[in-house]
1. Between Leu299 and Phe249, how many nm apart are label points set 7 Å from Cα along the C-beta direction?
2. Chymotrypsin sites (Phe, Trp or Tyr not before Pro), restricted to the range 250-281: which are DSSP loop and have at most 16 other Cβ atoms within 10 Å?
3. Can you tell me which lysines have their Cα less than 23 Å from the Cα of Lys193? Leave out same-chain residues fewer than eight positions away.
4. Between Phe102, Phe53, Phe77, where does the largest GNM mean-square fluctuation fall for the chain, given springs only between Cα atoms within less than 10 Å?
5. Apply the Kirkwood formula to the range 198-307: the hydrodynamic radius equals the inverse of the mean of 1/r over all pairs of different alpha-carbon atoms; give it in Å with one decimal.
6. Please compute the per residue accessible area over the chain with all protein chains in place, 1.4 Å probe, rounded to a whole number of Å².
7. Sort Asp178, Asp220 by heavy-atom solvent-accessible area, probe 1.4 angstrom, most to least.
8. Over the chain, calculate the relative contact order: mean separation of alpha carbon pairs under 8 Å at least 6 apart, over the residue count, as a percent.
Amino acid sequence: MPSATELRTELATDRADGGLRRPRGTGRRRRRPSGALAGWLSVAPALLVILGFTFYPMVQSMLLSTDRWNMLGPPEFVGMQNYTAILSAGTFRESLLHTVVFTAITLAGTYVLALATAIAANRELASARLVRTITVLPAVIPMVVAGLIWKWLYEPDHGLVNNLFGLVGADGARWLFDNDLALPAVALVSIWKDFGIYALILLGGLQRIPAELYEAATIDRAGPWRQFRSITLPMLRPAGAAVFLLLVFNSFKVFDQVWVMTEGGPGTATTTVVTFIYTKLLTDVGVASAASVVLFVVLLLITLIRMHLTSREES
């Protein structure tokens, strides 16, 4: 037990410290959570949202993919029959092929246009800010509205596209009614609408490249093409990888513009995987869920391959 002298000394020290020290034996100290516990507590709300709105629907979809269910009666367990049915069905394989073609067109067109726009906007010109603003404008338009606008532009008799062809004496086409032209015509809408956003991502990558590299290359008499091939493209790989994955994800999930402009037609010329899932959802939830799981596996494989290639490039 402390003596009276020690207590007086301790109280005097507390007064000198502004009363911040707690007297000995006058209550329990409040324990702070450890670093790991504090980290888990800080991310818990976001983690619960992700589990509730992302993982739970995924698990439910996987479970429903083994059932036959038309939403009118109880689900009936059928095992892997839904997977066997969609993988052997020509309609699903055709929709998967259309999705891959759509992704290839969108990926190539959007990346080239976005890169050219980013390079133009990266120059120290007065018009660079105007270029950035104009290219982002289509991105703020809802995809359904963009699809309706382009459906009118593609109209065979009075659409703006065929009228422009008529000004140069060329015949237009029935863009959305031709089996060979409908899918590229829909892909063009995605390119027009989204290339500005991807241009901003690439612009951020361009602005992270040290200017000293270009100055050294200029001293070594490297031309613009050599600088672009040896400096710009290699240094732009991280931003390019992000753009690649975003484009692939968005293209494989394409639905709005397809449904608004063609509803998957003519025939099944523009039926994509998500369009297939939507049509099957109205009759058999199990088949639609199985197609969703297949789409998830395809995207997961693409992501893993891209991550593997990126890690190899970095090493």
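1. Calculated label separation equals 0.7 nm.
2. Phe255
3. Answer for Lys193, where 23 Å is the Cα cut-off: Lys151, Lys253, listed by chain and number.
4. Sorting by GNM fluctuation, first place goes to Phe53.
5. On the way: mean 1/r = 0.0582 Å⁻¹.
One over the average 1/r among Cα pairs gives 17.2 Å for the range 198-307.
6. I get 64 Å² per residue for the chain.
7. Most to least solvent-accessible, the answer reads Asp220, Asp178.
8. Working: 318 pairs, mean separation 80.4, N = 315.
Once divided by the residue count of the chain, the mean separation gives 26 percent.
The values are calculated or read from the model by the stated rules, or taken from the named source; none is laboratory data. Just so we're clear, the structure is a prediction, and the values are computed from it rather than from any experiment. When we count neighbours, we look across all protein chains shown, and the Cβ atoms used for this are built from the backbone with ideal geometry, even at glycine. With ligands, DNA and RNA removed, areas are computed over all heavy atoms of the protein, side chains included. Shrake-Rupley method; radii C 1.70, N 1.55, O 1.52, S 1.80 Å.
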